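Novice: Take this structure first; my questions come after.
The values are calculated or read from the model by the stated rules, or taken from the named source; none is laboratory data. Bear in mind the structure is a predicted one, so any value in this text is a computation, not a measurement. Cβ: placed from backbone, ideal geometry, glycine included. Neighbour counts: every protein chain shown. To get the accessible areas, we keep the full protein, side chains included, count just its heavy atoms, and leave off ligands, DNA and RNA. Shrake-Rupley method; radii C 1.70, N 1.55, O 1.52, S 1.80 Å.
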Amino acid sequence: MSDSSDDLPLSRLNHQTVVRNRAEGVVQISDKGKGTRKKMRRASCHDSGSDGEISAMKRKKMKSAGNLRSGHNESAGNKKVIKPKELMRVQRVEQGIAAFEWWNSPDPPEGKAWQTLEHCGMTFEPQYKPHGVAVLYDGVPISLTPYQEELATFYAAMPEDGPQLNVSGGQREIFQRNFWDDWHKVLGKSHAIKSFDKCDFSDISKHLDRLKFVKRAASDAEKVVARELRDDCQLRSGYAILDDHLEKVGNFRMEPPSLFRGRGKHPKTGVVKLRVEPDQVSINCGASRPPPICLELGRSWGEIKHDDTVTWLSTWHENVMQSNKYVMLAANSSLKGKSDFKKFQKAMQLKGCIERVRHDYHKNLKSKDRHLKQQATTMWLIDTLALRVGGEKSEEEADTVGCCSLRVEHFTFHKTGKDVDLEFLGKDSILFKQSIDFAGFDEHGQQAYDNIREMCRSKKKNEQVFELIEPTSLNAHLSSIMPGLTAKVFRTYNASETLQNQLPDAEHVIEMRSIGDKLIAYNEANRIVAILCNHQRTVSAAAATGLEAQAEKLEQTQEQKIAATAAYEAATIKKREANKSKQAEAHRFSKLPDEKDVSRRIDIWTEKIKKLEIDLRNKEENKEVSLGTSKANYLDPRISVAWCKRCDVPIEKLFSRP
DNA sequence: AAGGGCGACTCAGAAAATTAGTG
DNA sequence: TCACTAATTTTCTGAGTCGCCCT
């Protein structure tokens, strides 16, 4: 922290505070950053929900920005100076934003989301510029109008080995048919191109690959320019002023036109998602503030509204799913932070009455009333397996299910034993596949099993198991037990509760030597939660080969250790021999491999191997599990922060950035 | 007056971008 | 130290949930 910049008082203040906190490992306050920040220190071992702990929950996100870089400033090479300065602009603003303590600021009046709101609307991509590369039809190049070419280019950009085209099960055909339907309309009836099968887009694909290559090969100077342009855009349009403080906007760039990439077997995948113009966008801003200026030359916004009961800044209608899309504040904004906090408060409230809730559905598992019995059984599944509630879906969407929409075909009962296979596609068409030992969960599992078995009997494969239960009625019932309780709260509650239970005790963790070992312990708990929530990721080809490479490296290291061990033995022998003749010719053996040296090297190998083994095991276990989702959405940060404090782990090791 | 539909919000994994690690 | 790669973080936008309004 030796640089002495004098032009940025705000960013410097934060910078120092943050760096200092890092250095001390514990949250401490530097004299300069004082003010009300002291509350942050209070977040502590018990999990009560005081304001001080929200601050901790927020603070974990204030990682040291602007690390490094200061060194460059001192050497006076003119090009080198510009880069760090320019890069800092966005960071400077965001540190300023981070200094705002939203957890100490008053809430807006009941029913209102804000009192004043001012922002810059959205930004738009430039209109399509034709490249002139032809599509081959039956081997013959066909010239296209710019719009026809634009659509062809969308298709050419779809990777052959990507999830849209390289999937068995008919997705590829749906994608191509939907694209062709739309493209064909644009080409017109009398167009030379009459069938999709004879089209060859590969010249355009190659052209796109070339562009990508050029982009990747850009010089440092070119990259700096690109970065500056992006920063300019971010600074011009990426922030809003909500109730008189600055907030980061999440997605202020209009989605570019493309082909709809529905997940799984989506009936609309491949449909053209149209370009959206400024006049199709509605703006929501405070009436007392100037509305945003549309920066597109000669264009204007479709509508300007002043609705202070909602949080969106801009909205537009999307043509493929006929849904509304919104521009909202970023995930780390005060608005989202407060809402996140409420979510975890609700989960903690559920913790307080979970006995009562469980007793309610346990009792009803045996009810004579069919509706009550089904309701209780769905509740058992939601609470035990962390299933989503599963609302009804239209024909225009992929066929995925949740608890209420489970069908007979998703269960497989075996003649022997109590295990049941449950297999279905859930949200995002992610496979849920588990063999479930109902009785193994709790004393009511057996009853749940009997119920499901009975509810499946005399039904067709494609019929719903819980045909009487709908999310609305289930939620209404839950709300009658605890105000505001809905099915999704159980996922939050069970995830956070699981984390709490899985995190090893502080006494145990504190003995671990390295932070790395402690982090592994945390990730272990995180993984169990991710598995509970069925958060998956597909193993990319690159990840798979990376894993192989690492296994190989481990093997190599082991061999090296063996070699080192041999050398050690050799050295010992030599030394012994040397000692014998030492008196006579001591000086000649001065360069003999030192026994201690070799022994130290063996220790290093051993360490290395141990680290590699842990690394590899960790990666192998994590390759199909996505830890990020649960960490970002389900784990109460107060639990993580408290654990970090008890175990002497710096919180920024767990949470990144702003 | 209830239930269906839709508006608004959270949650989700893939892909792109950035940063860290390594030889 | 530099260039390449691997790991991590951010961005992107599709897919859910849920409350409320309207018929």
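Novice: If each residue of separation counts as 0.36 nm, what is the full-extension length gain between residue A:473 and residue A:310 once their alpha-carbon separation is subtracted? The partial results should precede the final answer.
Specialist: Details: separation 163, 0.36 × 163 = 58.68 nm, distance 2.59 nm.
The residue A:473-residue A:310 span can extend by a further 56.1 nm.
Novice: A further question follows. So which of A:342/A:368; A:185/A:393; A:325/A:631 end up more than 27 Å apart, counting from Cα to Cα?
Specialist: Cα-Cα > 27 Å for A:342/A:368; A:185/A:393; rest within.
Novice: Now a separate question. Accessible area per residue of the range A:428-501 at 1.4 Å probe, in Å²? Could you put the intermediate results ahead of the total?
Specialist: On the way: 3630 Å² over 74 residues.
Result: 49 Å² per residue.
Novice: How big is the gap, in Å, between the Cα center of the range A:329-346 and the Cα center of the range A:605-658?
Specialist: Using only Cα atoms, the two centres lie 23 Å from each other.
Novice: Still on this structure: Assuming 0.36 nm per residue, please report the length gained on full extension of the stretch residue A:107 to residue A:203 beyond their Cα-Cα distance. Write down the numbers at each step before the final one.
Specialist: Values: separation 96, 0.36 × 96 = 34.56 nm, distance 5.69 nm.
My answer for the length gained is 28.9 nm.
Novice: Take residue A:287, project a point 7 Å from its Cα along the Cβ direction, then tell me which residues of the range A:103-132 have their backbone nitrogen under 18 Å from it.
Specialist: A:109-119
Novice: Here is the link list: A:198/A:268; A:518/A:610; A:351/A:518. Which ones come out longer than 18 Å on Cα distance?
Specialist: A:198/A:268; A:351/A:518
Novice: Among rounded, prolate and oblate, which fits the range A:203-321 when a ≥ b ≥ c are the square roots of the eigenvalues of its C-alpha gyration tensor, a/c under 1.5 means rounded, and a/b larger than b/c means prolate?
Specialist: oblate
Novice: So for the pair residue A:488, residue A:623, with labels modelled 7 Å out along Cα→Cβ, what separation do we get in nm?
Specialist: That separation, rounded to one decimal, is 3.3 nm.
Novice: How large is the accessible surface of residue A:613 in square angstrom, using a 1.4 angstrom probe and rounding to the nearest 10?
Specialist: 80 Å²
Novice: Also, quick follow-up: If I take R0 = 30 Å and measure r between the Cβ atoms of residue A:233 and residue A:136 in this structure, what FRET efficiency does the formula 1/(1 + (r/R0)^6) give, to the nearest 0.05?
Specialist: 0.20
Novice: Once you place label points 7 Å from the Cα toward the Cβ at residue A:217 and residue A:192, how far apart are they in nm?
Specialist: Between residue A:217 and residue A:192, the label points sit 3.1 nm apart.
Novice: Oh, and also: Determine, for each peptide in A:455-461, A:624-630, A:514-520, the mean count of other beta carbons within 10 angstrom over its residues, then list the peptides with the highest first.
Specialist: Working: A:455-461: 12.7, A:624-630: 17.1, A:514-520: 14.3.
In descending order of packing, they fall as A:624-630, A:514-520, A:455-461.
Novice: In terms of the Cα gyration tensor, with a ≥ b ≥ c the square roots of its eigenvalues, is the range A:326-469 rounded because a/c is under 1.5, prolate because a/b exceeds b/c, or oblate?
Specialist: Working: a/c = 2.12, a/b = 1.40, b/c = 1.51.
It is oblate, given that a/c is not under 1.5 and a/b is not larger than b/c.
Novice: How many nm is it between the label spots at residue A:295 and residue A:462, if each spot is 7 Å from the Cα in line with the beta carbon?
Specialist: Inter-label distance under the simple model: 5.1 nm.
Novice: Using 0.36 nm per residue, how much length does the chain from residue A:367 to residue A:147 gain when fully extended, once their Cα-Cα distance is taken away?
Specialist: Residue separation times 0.36 nm, minus the Cα-Cα distance, leaves 73.0 nm.
Novice: As an exercise, use a Förster radius of 51 Å and the Cβ-Cβ distance of residue A:606 and residue A:450 to find the FRET efficiency, rounded to the nearest 0.05.
Specialist: The calculated FRET efficiency here is 0.40.
Novice: Which shape class, rounded, prolate or oblate, goes with the range A:135-221 when its Cα gyration tensor gives a ≥ b ≥ c as root eigenvalues, a/c under 1.5 marks rounded, and past that a/b bigger than b/c marks prolate? Don't skip to the answer; put the middle values down first.
Specialist: Numbers: a/c = 2.30, a/b = 1.36, b/c = 1.69.
Here the range A:135-221 falls in the oblate category.
Novice: Let me ask another. Quick one: compute the contact order of the range A:333-448, relative version, from alpha carbon pairs under 8 angstrom and 6+ residues apart, as a percent.
Specialist: 15 percent
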